[in-house]
């Protein structure tokens with residue numbers, strides 16, 4: 001046995017690397033939900049990146065999740081694109097949550113053009129956020145969106161059915177919404193940290 | 001006053017060349033009666049083979065066995081002349097036309113576009129992009145600039161005192177003197193302008209008439225110049241035709257880029273914009289295909305115009321090969337440039353939002369990009385619209401509304417829902433036949449969705465789904 005060295009002295013002489021992760025830069029876009037912000041490693045939406053939102057059903061709070069962000073953006077006269085939404089956005093309902101509808105463009109696109117339109121919008125650099133409802137999207141298409149979001153410095157939100165949860169995804173953040181027994185959101189993947197095990201409760205659309 | 005003269009030595013040929021994809025093939029323009037065809041102009045590779053202007057066509061064919069030949073068209077040349085005048089009009093309010101040349105008054109433009117070397121480089125850059133060979137000279141009078149441009153490319157005479165010195169060594173044969181004066185003067189032993197200017201005017205007038213003296217006075221600025229000054233017309237029309245037939249839409253892109261580029265040039269000179277224009281594709285026997293191109297707002301950026309036109313054209317099926325294409329823009333509304341904030345946080349290479357919307361529209365359809373606003377109508381189906389002529393409701397909606405709306409209400413399936421709020425009765429529309437009587441409720445379905453549903457008044461059953469509180 002060699003000479004015993006106290007752990008403290010090793011640490012103090014800085015010969016042992018302790019493997020502490022570098023702290024992430026904080027997000028510049030809060031989600032508007034304090035509980036969700038607290039659960040995310042960047043404290044908000046990942047900057048200039050793709051967020052994938054998985055839903056079991058339509059109309060269980062997917063807009064609740066993003067409307068506070070859209071309201072903040074449109075009030076600052078930044079533009080938001082809504083591509084191929086499954087229903088018509090109700091102006092009165094969106095305005096009641098603070099969205100300025102004159103800064104929201106609604107794009108009707110066929111199933112084959114949704115990803116193209118989303119990529120164009122993201123890449124253009126003139127949109128703050130792009131929301132898209134693709135009927136089919138493979139990993140390559142999502143990766144293109146992720147790159148386009150980075151190029152155009154915009155937030156991308158893709159809404160998909162929750163059966164896609166088993167597929168690998170290049171999205172920086174994956175959220176899965178649950179409606180039963182109470183509306184809540186589960187973080188499936190988040191860049192820069194381990195996803196928390198607990199689901200984050202969300203207020204219902206009618207509250 | 002300072003005048004810049006842009007001499008266009010090969011106007012007709014450049015006009016033809018810029019319409020064709022770039023190639024090394026020898027090409028000549030021919031003119032003259034059928035018995036005595038002569039070469040009117042020849043491109044670089046034809047000149048390298050020994051062809052020159054004024055050569056008999058038979059002689060040219062003997063020297064070079066294979067070259068492309070086109071009829072010289074004076075009308076076409078005049079068209080390009082006027083297009084360049086329109087281009088020059090964006091740099092100066094006083095633009096004049098001389099034979100094969102455009103003159104523009106620049107003393108006031110220098111303050112805006114920078115000192116003459118910078119300004120000259122800009123003019124040359126524009127002309128090179130448009131595809132016209134040119135010679136430029138600057139002088140205090142338009143006539144002098146015209147003469148100097150013919151003699152030395154790039155010369156600039158800034159002051160009237162230096163003008164006489166610059167003109168003196170020029171041969172009288174190059175001085176663009178009226179009639180046969182140049183020949184007569186050379187045979188009298190007067191070979192340069194310097195000699196001519198120092199001669200007594202009275203004697204010159206007696207021998208050559210008042211026209212020569214007047215011309216000399218205009219040259220050195222003792223008399224004002226007379227010329228056709230240019231005024232821009234109020235519509236744009238341009239046609240391109242080819243000797244071959246174009247079968248595929250992709251092959252139309254090169255001429256289309258030229259057409260839209262010319263339109264943008266013209267619009268910039270006129271300080272106008274264009275909101276809708278039309279592409280007319282002509283076929284050999286069928287009636288022409290018309291492709292209307294409309295934009296959301298007046299625009300004049302060359303890239304934007306090309307993008308819009310390309311999107312429309314790419315979706316066009318050609319019934320027959322195309323032999324000619326025409327761009328018609330009869331209506332040119334004023335153009336208001338979009339202001340950009342000095343402290344705009346968007347990335348520097350950002351594409352303007354309008355251009356993005358046009359790009360989406362050109363691929364996805366005219367009505368694919370919409371903005372919705374609320375109307376004063378209380379009926380949920382008509383409470384919002386994208387139509388611009390319906391005016392926006394002035395006051396905010398105070399009643400609770402969902403965030404998703406169904407285009408057409410559907411029966412709500414599944415077990416009976418739990419009622420969260422309601423009823424809200426909407427009973428209106430008697431004035432236009434769209435009469436409705438409904439009780440609206442907010443319900444929660446068995447799957448946990450919050451829905452906006454309605455039923456017949458007082459029933460609380462047979463729910464029709466009209467929206468989601470998503």
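No lab work stands behind these numbers, since they all come straight from the coordinates. All values derive from a computational prediction rather than experimental measurement. Neighbour counts run over all protein chains shown; Cβ positions are idealised from the backbone, glycine included.
The distance linking region B:1-16 with region B:175-202 is 26 Å (Cα centroid to Cα centroid, whole angstrom). The mean sequence distance of close C-alpha pairs (under 8 Å, at least 6 residues apart), as a share of the length of chain B, puts its relative contact order at 10 percent. Helical runs (DSSP H, four residues minimum) scored at -39500 (n - 2.57) apiece and divided by the length of chain A put the mean residue ellipticity at 222 nm at -8000 deg cm²/dmol.
Residues of region A:161-180 with backbone nitrogen within less than 15 Å of a virtual label 7 Å along the Cα-to-Cβ line of residue A:143, please, listed as ranges. Under 15 Å, as judged by backbone N against the label point of residue A:143, lie A:168-172 of region A:161-180. For region A:94-207, the direction-averaged projected area of the alpha-carbon convex hull comes to 8.5 nm². Could you work out the Rg to Rh ratio of region B:122-228, with Rh taken as the Kirkwood radius (inverse of the mean 1/r over all Cα pairs)? Rg/Rh for region B:122-228 comes to 1.01.
Counting Cβ atoms of other protein chains within 10 Å of each residue's Cβ and taking the mean over peptide B:379-391 gives 1. Maximal additional length on extending the residue A:4-residue A:153 stretch stands at 48.2 nm, based on 0.36 nm per residue less the C-alpha distance.
May I ask you to compute the full-extension gain from residue B:318 to residue B:207, defined as 0.36 nm times their residue separation minus their alpha-carbon distance, rounded to one decimal in nm?
Fully extending the segment from residue B:318 to residue B:207 adds 33.3 nm.
Quick one: Debye curve from the C-alpha atoms of region B:400-468, no solvent, what's log10 I(q)/I(0) at q = 0.14, 0.17, 0.28 Å⁻¹? Log10 I(q)/I(0), no solvent term: -0.40, -0.58, -1.39.
Based on other C-beta atoms within 10 Å, arrange A:121, B:66, B:5, A:127 from fewest to most. Could the numbers behind the result be given before it?
Working: A:121 34, B:66 7, B:5 26, A:127 29.
So the ranking, lowest neighbour count to highest, is B:66, B:5, A:127, A:121.
Protection proxy ranking for B:428-440, B:145-157, using the average of other Cβ atoms within 10 Å per residue and placing the highest first: B:145-157, B:428-440. The distance linking region B:247-309 with region B:102-142 is 28 Å (Cα centroid to Cα centroid, whole angstrom). Modelled label positions at residue B:400 and residue B:367, each set 7 Å beyond Cα in the direction of Cβ, lie 3.3 nm from each other. Annotation: for a label point projected 7 angstrom from Cα along Cα→Cβ of residue A:88, residues of region B:364-382 with backbone N closer than 12 Å are B:372-375, B:379-382. Remark on chain A: hydrodynamic radius 18.3 angstrom, per the Kirkwood mean of 1/r across alpha carbon pairs. Evaluated on the protein assembly as shown, the Kirkwood hydrodynamic radius is 31.3 Å, with distances taken between all distinct Cα atoms.
Taking a ≥ b ≥ c as the square roots of the eigenvalues of the Cα gyration tensor of region B:35-108, is the shape rounded (a/c under 1.5), prolate (a/b larger than b/c) or oblate?
Numbers: a/c = 3.55, a/b = 2.80, b/c = 1.27.
Judged from the Cα gyration tensor, region B:35-108 comes out prolate (a/c at least 1.5, a/b above b/c).
Compute and list, largest first, the equivalent-ellipsoid semi-axes of region B:56-199 from the alpha carbon gyration tensor, each √(5λ) rounded to a whole angstrom. Mind showing how you got there, number by number?
Values: eigenvalues 164, 142, 34 Å².
Calculated on Cα positions only, the semi-axes equal 29, 27, 13 Å.
How high is the FRET efficiency from residue A:72 to residue B:168, r the C-beta distance, R0 51 Å, rounded to 0.05? For residue A:72 and residue B:168, the calculated efficiency is 0.10. For region B:195-293, the alpha carbon positions stretch 68, 33, 22 Å along the principal axes, listed from largest to smallest. Less than 13 Å from a label point 7 Å out along the Cα-to-Cβ axis of residue B:226: which backbone N atoms in region B:77-102 qualify, by residue? Label zone hits: none.
The ranking of B:73, B:271, A:113 from fewest to most other beta carbons within 10 Å of each one's beta carbon is B:271, B:73, A:113.
Principal-axis analysis of the Cα atoms of chain B puts helix B:210-220 at an angle of about 60° to the longest axis. Using R0 = 35 Å, the C-beta based FRET efficiency linking residue B:118 and residue B:74 works out to 0.45.
The long axis of helix A:114-124 is offset from the longest Cα principal axis of chain A by roughly 70 degrees.
Over its Cα atoms, what ratio of radius of gyration to 2.2 N^0.38 Å does chain B give? Kindly include the intermediate steps, with their values, before the conclusion.
On the way: Rg = 33.7 Å, N = 470, 2.2 N^0.38 = 22.8 Å.
Normalised by 2.2 N^0.38 Å, the Cα Rg of chain B equals 1.48.
Each 5 Å bin, from zero up to the one with the longest distance, holds this percent of the alpha carbon pairs of region B:236-329: 3, 14, 28, 26, 16, 9, 4, 1.
So how tilted is helix B:302-314 from the main axis of chain B? Cα-based, degrees 0 to 90, rounded to 10. Taking Cα atoms only, the helix is inclined about 60 degrees. Reported to the nearest whole Å, the Cα centre-to-centre distance from region A:83-141 to region B:19-55 is 56.
Counting only other chain Cβ atoms within 10 Å of each residue's Cβ, the peptide A:63-75 averages 1.
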